[in-house]
Each structure stands twice: as C-alpha cells, then as structure tokens.
Amino acid sequence: MALTDRNAVVIGGGRGIGAAVARALAEAGAGIVVAARTVEAIERVAAGLRADGHRAWPVRCDVTDPHDVQALVKTATEYLDHVDILVNSAGIASSAPVHKLTLEEWNTSFAVNATGTFLCTQAFLPQMLASKWGRIVNVVSVAGLTGSRYVAAYSASKHAAIGFTRCVAAEVAAHGVTANAVCPGFVDTDMTTESIDRIVDATGVSRDQALEAILETTPQRRLFTPEEVAHTVLALCDDNSRGINGQAIVLDGGGLLA
Ligand code: NAP
C-alpha cells in the first residue's frame with residue numbers, strides 16, 4: 001500500500017501500539033506526527049523513523065487538554081501541510097471493583113479514553129472533510145464491546161469511544177472520510193505489564209499466574225503484538241478500505257464471536 005501522499009497524526013505514538021502504528025504508516029510512505037505527553041518517548045520514536053529515512057516529527061500533547069489539542073493541530077499542520085489520517089491510540093487503564101472505584105479514576109478514564117478521542121477527532125476532522133479524504137482509526141478494545149470484572153471505568157469509557165466512532169462514521173460517510181475502531185484483546189505492551197502488576201498486587205499470585213489468567217481470556221492463549229494491531233490500522237487507511245466505516249474490528253483471536 002502506498003501512502004506517499006498522505007500524512008498522519010498518531011496520538012499515543014510514544015510507545016506500544018501507537019509506536020507500531022507510527023512505524024507501519026511511515027513505512028507505507030506517510031509523513032507522521034507522533035504525539036503523547038512524554039517528550040523523550042515521542043522524540044525517540046520520531047528519531048527512529050527519521051533515521052530510517054521517513055518523515056516524522058514529535059509533538060507533545062495531552063489529549064485531556066483542549067488547548068494542547070488545538071496547538072497539536074497547528075503544529076502538525078505546519079509540519080505536514082495537511083493531515084489525512086488520525087489514529088487515536090492514547091489510552092489509560094486501571095482496575096477496581098465498582099464498590100471501590102473512585103470518581104477520580106472514573107473521570108480520568110473518560111477524560112483520556114473517550115473525551116480525548118472526541119477532542120482530537122473534532123480538531124482534525126475539518127481538514128479531512130475539506131479535502132474529501134480522511135481516515136480516523138480509534139484504537140479501542142474488546143472491553144469497549146463487552147463487560148468484565150474490575151474494569152468498569154476502562155470498559156465504560158471504551159464503550160463511549162465506540163459509540164462516538166459510530167456517530168462520526170454516520171456523519172462523514174458521504175464525504176470521503178471513514179471512522180473505525182480497532183478492538184484488540186491483550187497486547188504485549190506496557191499497559192498489559194501494568195495490568196499484570198495490578199493482579200499481582202491485588203491477589204498475591206505470581207507474575208506467571210497473573211499472565212496465565214490473562215491468557216485464559218483468549219482462545220489463542222497468547223498476547224497480541226503491537227504490529228498485528230498496526231497491520232489492521234494500516235489496512236483501514238487503504239483507499240480500497242473506503243467501504244469499511246463505523247466498524248469495531250475485533251482482534252482477539254476469536255474470543256468474542258459477535
Ligand atoms: P501504552 O503502551 O500504555 O501506551 C499508551 C500511549 O498513550 C502512550 O504513548 C502514552 O504516552 C499515551 N497517553 C496516555 N495518556 C495520554 C494523554 N492524556 N495524552 C496523550 N497521550 C497519552 O498502551 P498501549 O497498549 O499501546 O495502548 C494503546 C491503546 O490501545 C490504548 O487506547 C489502549 O486502551 C488500547 N488497548 C490496549 C490493549 C493492551 O492490551 N495493551 C488492549 C486493547 C486496547 P504518555 O504517557 O507519554 O502520554
């Protein structure tokens with residue numbers, strides 16, 4: 001696939017899935033702005049891409065801050081000229097039973113996972129509509145489609161992100177733009193390492209036992225790689241994927257057979 005005339009902003013591109021998405025889009029030829037809060041991380045990812053001959057710039061942005069998001073649009077547009085692809089991969093996870101879940105944890109989950117997705121989409125959408133071509137890919141989760149124990153804040157905020165994706169898809173359908181969600185199961189990133197840490201802390205089981213409990217949630221009994229998720233994101237950016245709109249594409253090895 002050639003994305004040589006395309007430019008992308010990857011939010012949450014400093015590590016994990018976002019970093020793999022940034023690389024996949026860059027290797028397809030797109031210019032990339034890598035955004036997240038931690039400057040060293042986004043600089044490292046962008047420098048790695050540039051070292052391999054790709055066009056890439058880091059821009060610091062906290063997606064919970066509307067001013068940061070507006071500044072990101074301005075800087076990204078200066079670097080890239082126009083933004084055709086937005087990948088919302090910023091996310092945070094936490095766990096607590098509902099009776100112990102704090103309002104702060106609930107609000108923080110929504111601020112990043114749902115409101116951040118809304119703010120970034122709203123900010124970049126006008127230029128996609130103006131050019132009559134655009135791809136919005138929200139990295140959500142199977143937790144956005146199902147409920148399970150101890151993840152109410154994460155799961156509810158991811159359900160919100162999927163609902164939002166579907167509404168955006170309905171609005172942009174006639175304008176050359178698509179909006180889709182990619183919904184992985186557990187991926188081998190820092191987020192999953194932290195989930196394992198929380199299981200160990202809460203239950204006293206070993207790290208191996210905590211990992212085993214996680215693997216029991218997938219029929220393939222493995223963690224997915226960030227590159228697998230990036231592959232699906234990249235596919236959605238293809239011209240020939242323009243018919244795929246408003247979908248929540250599950251990447252969990254067949255755990256959720258909906
Ligand atoms: P990760 O390794 O923890 O990376 C998360 C990224 O989001 C980092 O770049 C982080 O950078 C950024 N981020 C967090 N809060 C932010 C904020 N307020 N503003 C801007 N950037 C922010 O996690 P990951 O596994 O790659 O997850 C990426 C996405 O996939 C998330 O939405 C996650 O919910 C989803 N997902 C993950 C899994 C999994 O098993 N790992 C499964 C399904 C879905 P800074 O901290 O530097 O800002």
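The values are calculated or read from the model by the stated rules, or taken from the named source; none is laboratory data. For clarity, every value in this text was computed on a predicted model and none was experimentally measured. Quick reminder, even Gly has a Cβ in these numbers, built from the backbone with ideal geometry, and neighbours come from all protein chains shown. Areas reflect the complete protein model, heavy atoms only, side chains present, ligands, DNA and RNA absent. Shrake-Rupley method; radii C 1.70, N 1.55, O 1.52, S 1.80 Å.
Observations, loosely collected:
- Percent carbon-and-sulfur accessible area, the range 27-77, ignoring ligands, DNA and RNA, probe 1.4 Å: 50
- Overall form of the range 125-230 per C-alpha gyration tensor (a/c, 1.5; a/b vs b/c): prolate
- Extension reserve of the residue 200-residue 52 stretch, reckoned as 0.36 nm per residue once the Cα distance is removed: 49.4 nm
- Listed residues 226, 184, 97, most fluctuating in the chain (Gaussian network, C-alpha, under 10 Å): 97
- Over the chain, relative contact order from alpha-carbon pairs under 8 Å, at least 6 apart, %: 19
- Apportionment of accessible area to carbon and sulfur, the range 142-248, percent (1.4 Å): 52
- Residue 249 accessible area, assembled protein chains, probe 1.4 Å, Å²: 50
- Separation of alpha-carbon centers, the range 4-62 and the range 91-108, rounded to whole Å: 29
- In the assembled protein chains, residue 98 presents an accessible area of approximately 110 Å² (probe radius 1.4 Å).
- Taking a ≥ b ≥ c as the square roots of the eigenvalues of the Cα gyration tensor, the range 14-97 is oblate, since a/c reaches 1.5 or more and a/b is not larger than b/c.
- Whether the chain is rounded, prolate or oblate, judged on the alpha carbon gyration tensor where a/c under 1.5 counts as rounded: prolate
- For the options 175, 82, 54, a Gaussian network treatment of the chain with springs between C-alpha atoms closer than 10 Å singles out 175 as fluctuating the most.
- DSSP finds beta bridges in the chain, and of those with both partners inside it, around 0 percent are antiparallel.
- Using R0 = 30 Å, the C-beta based FRET efficiency linking residue 174 and residue 77 works out to 0.80.
- Computed on protein heavy atoms with a 1.4 Å probe, the accessible areas place 103, 129, 72, 119 in the order 103, 129, 119, 72, largest first.
- For the chain, the solvent-accessible area with a 1.4 angstrom probe is 46 square angstrom per residue.
- Straight-distance candidates among the lysines for linking to residue 132, with alpha-carbon spacing under 25 Å and chain neighbours fewer than 8 residues away dropped: 74.
- Whole-Å distance, taken between Cα centres, linking the range 180-212 and the range 110-156: 22
- Shown for the chain are no DSSP H helices, since none reaches 15 Å along its axis, judged by Cα atoms, with a mean Kyte-Doolittle hydropathy of at least 1.6.
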